[in-house]
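Every number in this text was worked out from the coordinates using simple rules, so none of it is lab data. The structure displayed is predicted, hence computed values, not measured ones. For neighbour counting, all protein chains shown are included, and Cβ atoms are generated from backbone atoms with ideal geometry for every residue, glycine included.
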There are 2 protein chains.
Amino acid sequence: MAPERTRRRIPDATVARLPVYLRILTEQGDEGVDSISSERLAELGGVNAAKVRKDLSYLGSYGTRGVGYEVAYLVYQIRRELGLTHDWPVVIVGAGNLGQALAGYGGFGERGFPVASIVDIDDAKVGSVLSGVRVRHIDELPQIVQTKRVSIGVVATPAGAAQDAADRLVRAGVTSILNFAPVVLAVPRAIEVRKVDLAVELQILSYHEQRRAGGAIHAVGNTRPASA
Amino acid sequence: MAPERTRRRIPDATVARLPVYLRILTEQGDEGVDSISSERLAELGGVNAAKVRKDLSYLGSYGTRGVGYEVAYLVYQIRRELGLTHDWPVVIVGAGNLGQALAGYGGFGERGFPVASIVDIDDAKVGSVLSGVRVRHIDELPQIVQTKRVSIGVVATPAGAAQDAADRLVRAGVTSILNFAPVVLAVPRAIEVRKVDLAVELQILSYHEQRRAGGAIHAVGNTRPASA
DNA sequence: ACTGCTTTGTGAACGTGTGCACGAGTGCCT
DNA sequence: AGGCACTCGTGCACACGTTCACAAAGCAGT
């Protein structure tokens, strides 16, 4: 019962960058590069070289001083750390516009996250086939999750249905959720949730645009330009 | 009275949360709530009450002690700070799977980011109409950006075409980019780029799943996810 | 083996973000 | 008017993340 003491903890910020390094390293490997320096990797990843070294150091000392990192070995280590040594089937909830696009987006399966199934609450959509995956009814969720050993669920419903979708996923046994709906999901502590919100991203860009404008744009009149 | 002078700098972390507060406040306003406490807002936003107060304090002192914040007024202030007092037309590059989904996703226009145009490099796609927006050729980008005063571009191309898309957007005059392609874009310092990468998000979830699984780390042959 | 060049790994300094705790206002009730 | 309950605004301490700078370690050529 005693789960083995988790070894080392990798900072969240590092975990978020490892997939980027992984993709770059994989590309480099495909191009025949078999050794790479932290500086080069940093350049390709748009970050600082010291950061790359520190990030990689959390995995262990897998570099060679004076030389760099062996690409293939590093790819293996990162994949292992991220749990990418085997596939993680995902189930998509919501067969609307977004759900369809996600199913059609090849990136899922290719990167180790095959779409086990798509479910929807609308009977009219059940039975149709999207990119080779048949849409099933949301009531079948528990069965799908169990038989296909799904631990990651993707919420691609309208905002109003997102919480219900999350509840159903959790009840079915899913332990991680990727949420595309513009809603803050309430889930048990143990469930890991990540959110992708287009509107938020655009509004952050908008903030910077508005800031850049310095009040020059056809503003409604409430903007007081800064002195400099 | 209000010395609305200097454009103070708002921390990035706060800017990223303001859109969430804004959405919640808008919803609450629609439901007839006209005053809200930092605690309630925190609960709905899944954050700490002190954080909410600190975040909002960057906008100015718009709360009333002992009472809370006036929803309508706060909505106005956040919108002003985020530059949402007017629309920001966006142009989508790439009329493939993702580009179509984005165009079809109503959330853009509703939230103040109307799709000015979709462009693609493939002549076969030019001329078709997606969700009321006609697909135009990518060579028309400069003209579109200029005539429709677009400052935000969305890269929805395959990875291989993303850098070219970004280069064209920048040359056309766009100053902010939302990138959906799994590529680190190289752009001039002045250009603001935000990235949305599904694979990265899934891999972060995978990391936590793998960690949760306990000690089965050196799984090479036995790759069955722990069914706790 | 020695010299010189390169690059890693990491301690330490610095910057940013978070959360507590509490003073300072505000409104309500008696 | 005075007391009380409530909630904001913020100083402070702590945690987290980033960057610098440099010793340690490796390779190549002689």
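A few comments on the model shown:
- DSSP-defined antiparallel bridges as percent of all bridges, segment B:1-129, nearest 5: 50
- Exercise: per-residue mean of other protein chain Cβ atoms within 10 Å, A:147-156: 3
- Once the Kirkwood radius over Cα pairs is known for segment B:36-87, the Stokes-Einstein relation at 10 °C and 1.306 mPa s delivers a diffusion coefficient of 140 µm²/s.
- Calculated Rg and Dmax of segment A:60-207 using C-alpha coordinates, Å: 17.8, 62
- Charge dipole magnitude, Cβ of K and R +1, D and E -1 - segment A:73-228, Cα centre, debye nearest 20: 420
- Residue-averaged 222 nm ellipticity for chain A, from DSSP H runs of 4+ at -39500 (n - 2.57), nearest 500: -13000 deg cm²/dmol
- Sorted peptide list for B:13-25, A:55-67, B:86-98, B:63-75, criterion being average Cβ within 10 angstrom, highest first: B:86-98, B:13-25, B:63-75, A:55-67
- Neighbourhood net charge (14 Å Cβ-Cβ; Lys/Arg +1, Asp/Glu -1) for B:Tyr105: -2
- Segment A:133-220: Rg to Rh, with Rh as the Kirkwood radius over Cα pairs: 1.20
- Taking other C-beta atoms within 10 Å as the exposure proxy, A:His137, A:His208 rank A:His137, A:His208 from fewest upward.
- Exceedance of the 28 Å cut-off in Cα-Cα distance is limited, within the set B:Lys125/B:Lys195; A:Lys195/B:Lys51; B:Lys51/B:Lys148; A:Lys51/B:Lys54; A:Lys148/B:Lys125, to B:Lys51/B:Lys148; A:Lys51/B:Lys54; A:Lys148/B:Lys125.
- Spatial separation of Cα centroids for segment B:120-139 and segment A:44-105, in angstrom: 34
- Rounded to 5, percent antiparallel among DSSP beta bridges of the protein assembly as shown: 25
- Whether the protein assembly as shown is rounded, prolate or oblate, judged on the alpha carbon gyration tensor where a/c under 1.5 counts as rounded: rounded
- Highest GNM mean-square fluctuation among B:Val154, B:Val33, B:Val170, for chain B modelled with Cα contacts below 10 Å: B:Val33.
- When you restrict to C-alpha pairs under 8 Å that are six or more residues apart and normalise by the size of segment A:1-98, the relative contact order lands at 29 percent.
- In this structure, the amide hydrogen of B:Leu130, modeled 1.01 Å from its nitrogen in the peptide plane, lies closer than 5 angstrom to those of B:Val135, counting only residues at least 5 positions away or on a different chain.
- Anisotropy class of segment A:29-125 from Cα gyration tensor, a/c 1.5 cut: prolate
- Beta bridges from DSSP with both residues in chain A: antiparallel share about 25 percent, rounded to the nearest 5.
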